Amino acid sequence: PQLVEELQDAIRRILCQRRDAAATRADILDMRRLMLKEQGSGGTWDIKRVRGGLVELEFVAQTLQLIHAHRHPGVLDTNTLAALGKLAAAGVLPAGDGEVLRRACLLYQRLTQVLRLCVSTAFAPATATAGLNRIVASAAGSPDIATAEALLADTEAQVAEVFDRLVGPAG
């Protein structure tokens, strides 16, 4: 227990160090661009890697934590949804952007959980069974899979716009 506490304290001290915001953003953009180059961004249903997907949402939260933790150590959280709330409460994440990211995070979590349970390969609504499409649509809070896909695409576009504005243009 003492070692765990010492490690947690060391990690917190490191995360709370003042950082050059421009250099931090540049490093994160380099990482994201490399990921897009090496892995691609998939389609709308590649919720993790697609432009505006889970990776970019998490990178926004992590970028803002790294840049602002020296002034607002309370923004640190390993849970992305909790971190978004803390960043918004501290005033370092604009309220509108925070709401976009919060809604996206919840949608991505619901869809990811269902897809992890139900499919072992990439999800493709056109080849999925009607029952699976109903389950996925329901997880998205949509009446059908076409509406769910439109919601997902719109959400990804909104997250990409927030990412590009707060971190920088990924591509």
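The values are calculated or read from the model by the stated rules, or taken from the named source; none is laboratory data. Note that this is a predicted model, so its numbers are computed, not measured. Cβ atoms come from the backbone with ideal geometry, glycine included; neighbour counts cover every protein chain shown. Areas reflect the complete protein model, heavy atoms only, side chains present, ligands, DNA and RNA absent. Shrake-Rupley method; radii C 1.70, N 1.55, O 1.52, S 1.80 Å.
What to note about this one:
- Rounded to the nearest 10 degrees, the angle from helix 95-118 to the longest Cα principal axis of the chain is 50 degrees.
- Residue 39-residue 77 FRET efficiency (beta carbon distance; Förster radius 35 Å; 0.05 resolution): 0.85
- For segment 15-128, averaging the sequence separation of C-alpha pairs within contact (under 8 Å, six or more residues apart) and dividing by the residue count gives a relative contact order of 25 percent.
- Sulfur and carbon atoms: percent of accessible area, the chain [1.4 Å]: 57
- Within a Gaussian network of the chain (alpha carbon springs, distance under 10 Å), most fluctuating of 109, 39, 158: 39
- Expected-Rg normalisation [2.2 N^0.38 Å, Cα atoms] applied to segment 1-67: 1.41
- In segment 1-115, the inverse of the mean reciprocal separation of distinct Cα atoms equals 15.3 Å; this is its Kirkwood hydrodynamic radius.
- Acute angle (nearest 10 degrees) that the helix 80-89 long axis makes with the longest principal axis of the chain, alpha-carbon atoms: 60
- Rolling a 1.4 Å probe over the heavy atoms of the protein chains gives the chain an accessible area of 54 Å² per residue.
- Between helix 54-68 and the chain there is an angle of about 10 degrees, using the helix long axis and the longest principal axis of the Cα atoms.
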